[in-house]
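Computed from the coordinates by the stated procedures, all read-outs in this text should not be read as laboratory data. Small disclaimer: the values here were computed from a predicted structure and weren't measured. All Cβ positions, glycine included, derive from the backbone under ideal geometry; neighbour counts span all protein chains shown.
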Amino acid sequence: MSQKVYIFILKIGSFLALTSIFFVFKNLLFPFITSKQIPFNILIEILLIFWVALIVKYPEYNPFKNKKGRNFITYGLIAYFAAMIISCFAGVDWNLSFWGDVERMLGAFHVLHFFGLYLILITVFRDWRDWKEMMIWSLILSVFLSLKGLSDIGYSTLGNSSYVSGYLIFNMYFAMLLFFKERNTGLKWLYLIPLPVILMAFDRAGTSGAMVGLGFSVLVVLFLYGLLNKNKKIKIISVSAFILAMIVISNIFVFNRDNFLTKNIPALNDIVKDISLNKATFQTRLISWNAALQDFKEHPFFGTGHGNYAIVFDKYFDPVFLTHTSSETYFDRAHNNVIDIASTTGSIGLLAYLSFFAAVAWYLIRKYRADEISIHEFSMLVGLFTAYFVQNLAVFDSLATYLMLMLTLAYVHWLNVEEDGSEEHTSFRFKGFIRELGSSEKINNKEIYALVIAGIIMLVVAFQYNIRPWQMLIGTIDGQRYWAQGKVLDTYDAYKEILKLDTVLDRDSRTSFVRLVISNPGILKNLEKEKADEVLDFTIDLAKINVEYNEGDSLSQMMLAQTYNVAATHYAGNVDKYNFYMNRALEAIDMSIKASPGRVPIYYQKAQIQITQGNLESAVETLKYADKLLPKYSETQCYIAKTLLYHQKNDEAAEYVENCIDLGGASRLTPASLLKTQINEYINKEDWERVVKMYEALTRVEAKNPEVWIKAAALYKQQGLLEKAEKAALKAIELDPKLKDNAERFIEGLK
């Protein structure tokens with residue numbers, strides 16, 4: 001094929017790559033992630049076939065042999081990805097490191113595809129008009145993404161507000177770059193039209209880290225304009241704006257958060273509330289970062305392995321984390337890109353990562369000092385990289401930000417390689433493209449070999465590592481659908497069939513089946529014994545295979561322990577099997593605890609296993625040890641209380657019941673019958689304060705029971721809580737309209 005055909009294919013493919021942000025296929029597991037990454041992977045693999053053939057047939061397009069010989073951004077990326085791959089095999093779980101998981105799809109294999117996009121971009125985008133078209137295309141896509149985000153909860157098609165925010169930051173700066181580089185005065189203002197829509201979507205996403213990143217980058221831009229601009233008026237305005245901004249920010253965030261501006265500007269007030277050192281999410285991140293720093297000394301060079309941060313987090317899990325949140329307690333990322341990279345790829349990986357940013361800084365400064373780029377372009381690009389880097393100190397990369405990062409790095413690479421951006425630009429028209437396809441230009445042997453060899457390799461990779469996992473993900477959702485319909489055997493058959501594909505991403509499919517069974521083990525009783533045994537054996541095998549990836553994986557070991565516990569209960573009538581599975585369960589839960597000794601909820605699982613074993617004394621000791629790890633934690637207090645009450649140790653339970661109630665955990669004293677029994681106990685003691693708290697809990701546990709709301713209303717009235725009494729009465733009417741007359745008289749009596 002001719003040079004023009006190759007370039008056209010690669011350019012169109014690059015444009016198509018950016019559209020992957022819109023793909024959401026509901027028939028896939030984790031559709032917001034897999035729907036994008038797998039098609040993107042396949043597209044890049046196909047494009048790489050033509051890329052290899054192009055640089056073989058036309059060596060002048062080889063990006064490693066450009067005329068100036070400056071490839072420090074490329075070399076930095078190569079060094080980083082090399083360190084990443086080495087860490088995969090030097091770390092603790094190479095499968096997770098290299099192939100990743102379905103929830104993130106950020107294993108080395110997937111991330112390398114972004115480097116493939118970068119290589120394609122620096123090969124065929126050789127003129128400002130190429131980059132202008134690409135930035136306009138990205139800007140158009142960002143507008144559609146923003147509109148979608150404004151029409152729903154702000155996550156748009158990306159599934160996570162932080163992904164949306166990071167993506168939009170790039171496009172804000174693309175709009176400004178296009179504005180400043182456009183020579184047509186009438187046209188340039190069009191590039192600013194998308195900004196209001198993008199900013200509204202950015203605000204709707206409400207990601208504090210991205211807000212800080214964008215705000216800090218604006219300060220940097222103002223500072224650069226004030227420092228470097230030769231126009232005195234602009235210099236004075238920029239310096240004044242910078243100083244004023246610093247004063248306002250200092251006043252708001254350091255001295256007085258409740259001021260005139262925050263009171264009168266709702267958006268600013270929301271931002272100020274969202275950005276706080278005392279915020280629970282920030283505190284949990286501090287704990288997460290501390291875990292990474294503790295582990296760094298044990299793996300200083302290549303880390304625990306790319307993508308293995310969860311192992312670090314579990315190992316150094318601080319129980320204090322649970323005082324900030326009881327949900328989302330499993331961090332598979334440090335929520336700080338620098339710390340995450342240092343922890344998982346070590347100092348080698350971190351230095352390599354920072355090296356290509358250093359190359360960007362050097363190139364931009366050199367080009368600006370040589371007067372080859374304007375102060376506008378210099379400031380916008382510095383601002384963009386600043387915003388990206390700062391916001392990533394509170395989050396991590398995703399497909400959307402990787403796409404934008406590679407695009408921007410490739411653009412800076414082009415700025416450095418091209419003297420003035422005036423290299424011949426090839427204009428394509430469809431008719432011309434058809435003529436080129438039919439041209440008589442000869443195909444040489446090197447080109448044939450390149451197409452055949454690269455084609456075979458890439459097509460095998462696409463089929464084995466993308467298409468087959470795609471089939472597995474569809475099959476997994478089919479299995480989950482059967483389970484939701486109560487078709488247990490159909491679920492089992494579906495999983496058994498799709499797991500025969502033996503793909504590199506099967507871990508998550510196995511996990512999903514294991515969770516289905518351990519979350520509802522009673523469903524096995526509805527099956528014939530032979531089939532129930534078969535399903536249970538299959539579940540155990542899946543849990544064991546997942547543990548084999550890494551025996552130090554606390555979560556996998558805990559799930560294996562829960563599976564063995566289900567098996568022990570299932571075989572309660574067979575002493576040998578019961579004892580066998582019970583012992584295996586205890587071994588697995590002890591391994592889970594060893595991998596994460598500070599994770600309090602694991603001890604609840606161990607206590608449950610010990611209770612199943614009939615060893616109440618050991619179970620209570622386990623729970624009391626958990627209580628020592630995090631004293632007066634409501635969930636532990638409630639768990640101990642429930643355990644003792646269930647086994648009729650009422651006197652011993654009394655202290656823990658009181659603590660459970662006082663710490664706001666009364667709704668954990670389920671089932672409702674247990675809660676009602678305790679309410680009667682405290683009514684007899686005339687401990688009305690605790691009775692009120694327990695009734696509030698009961699209205700949450702039995703929220704659709706009008707009788708509960710009626711009794712709650714009477715109690716609230718008795719205790720002088722008239723507003724609560726009225727709300728409870730209105731809720732009773734809502735649930736049972738027949739109560740309307742009596743409830744209205746009750747409410748009138750309150751007045």
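Numbers at a glance
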{"item": "Calculated log₁₀ intensity ratio I(q)/I(0) where the Debye formula runs over C-alpha points of the range 62-437, q = 0.07, 0.11 Å⁻¹", "result": "-0.34, -0.86"}
{"item": "Per-pair calculated FRET efficiency, R0 = 22 Å: Asn62 and Trp137 via Cβ, rounded to 0.05", "result": "0.25"}
{"item": "Qualifying trypsin sites (Lys or Arg not before Pro) in the range 1-66, DSSP loop, other Cβ atoms within 10 Å at most 15", "result": "Lys26"}
{"item": "Sites Ile193 and Ser519, calculated FRET efficiency, Cβ-Cβ separation with R0 45 Å, nearest 0.05", "result": "0.35"}
{"item": "Per the chain, cysteines lacking a partner by the 4.7 Å Cβ criterion", "result": "Cys88"}
{"item": "Length-normalised contact order of the chain in % [C-alpha pairs under 8 Å, at least 6 apart]", "result": "14 percent"}
{"item": "4 °C / 1.567 mPa s Stokes-Einstein diffusion coefficient of the range 1-88, Kirkwood radius on C-alpha pairs, µm²/s", "result": "84 µm²/s"}
{"item": "Kirkwood hydrodynamic radius over Cα pairs of the range 285-419, then Stokes diffusion coefficient at 20 °C and 1.002 mPa s, in µm²/s", "result": "130 µm²/s"}
{"item": "Estimated Rh, the range 40-162: Kirkwood, alpha-carbon pairs, angstrom", "result": "17.2 Å"}
{"item": "Nearest-ten-degree value, helix 488-498 long axis tilted from longest Cα axis of the chain", "result": "30 degrees"}
{"item": "Electrostatic dipole magnitude of the range 541-651 [Cβ: Lys, Arg +1; Asp, Glu -1; Cα centre; debye, to 20]", "result": "280 debye"}
{"item": "Sites Ile365 and Ala532, calculated FRET efficiency, Cβ-Cβ separation with R0 51 Å, nearest 0.05", "result": "0.15"}
{"item": "Angle between the chain longest axis and helix 616-629 axis [Cα atoms, degrees, rounded to 10]", "result": "50 degrees"}
{"item": "Charge dipole of the range 62-437 about the Cα centre (unit charges at C-beta), most positive-ward option of Asn62, Ile365, Ala201", "result": "Ile365"}
{"item": "With Cα atoms, 0 to 90° folded angle of helix 3-18 axis to the chain main axis", "result": "30 degrees"}
{"item": "Potential extension, Asn705-Ile456 segment - 0.36 nm per residue separation minus Cα distance", "result": "83.2 nm"}
{"item": "Rg(Cα)/(2.2 N^0.38 Å) for the chain, N = residue count", "result": "1.12"}
{"item": "Amide H contacts of Leu393 (H built 1.01 Å from N, under 5 Å, at least 5 apart or other chain)", "result": "Asn337"}
{"item": "Extension reserve of the Ile243-Phe89 stretch, reckoned as 0.36 nm per residue once the Cα distance is removed", "result": "50.5 nm"}
{"item": "Added length on full extension, which subtracts the Cα-Cα distance from 0.36 nm per residue, Ile234 to Asp662", "result": "148.0 nm"}
{"item": "Trypsin sites (Lys or Arg not before Pro) restricted to the range 485-536 and DSSP loop, no more than 15 other C-beta within 10 Å", "result": "Lys487"}
{"item": "Among Phe321, Val692, Val460 the positive-end extreme of the charge dipole of the chain (Cβ point charges)", "result": "Val460"}
{"item": "Rg [Å, one decimal], Dmax [Å, integer] - the range 518-595, C-alpha atoms", "result": "12.4, 38"}
{"item": "Net charge dipole size for the chain [Lys, Arg +1 and Asp, Glu -1 on Cβ; Debye, nearest 20]", "result": "2340 debye"}
{"item": "Cα coordinate range in the range 566-649, projected on the principal axes (Å, largest first)", "result": "40, 34, 16"}
{"item": "Estimated dipole of the range 62-437 in Debye, rounded to 20 [Cβ of Lys and Arg +1, of Asp and Glu -1, Cα centre]", "result": "1260 debye"}
{"item": "Under 24 Å from Lys487, Cα to Cα: lysines that are on another chain or at least 8 residues apart", "result": "Lys26, Lys496, Lys500, Lys525, Lys529, Lys531"}
{"item": "Cross-link table Lys704/Lys740; Lys132/Lys181; Lys279/Lys628, entries beyond 18 Å C-alpha to C-alpha", "result": "Lys279/Lys628"}
{"item": "Cβ-based charge dipole, the chain, positive-most Cα from Gly614, Leu586, Ser142", "result": "Ser142"}
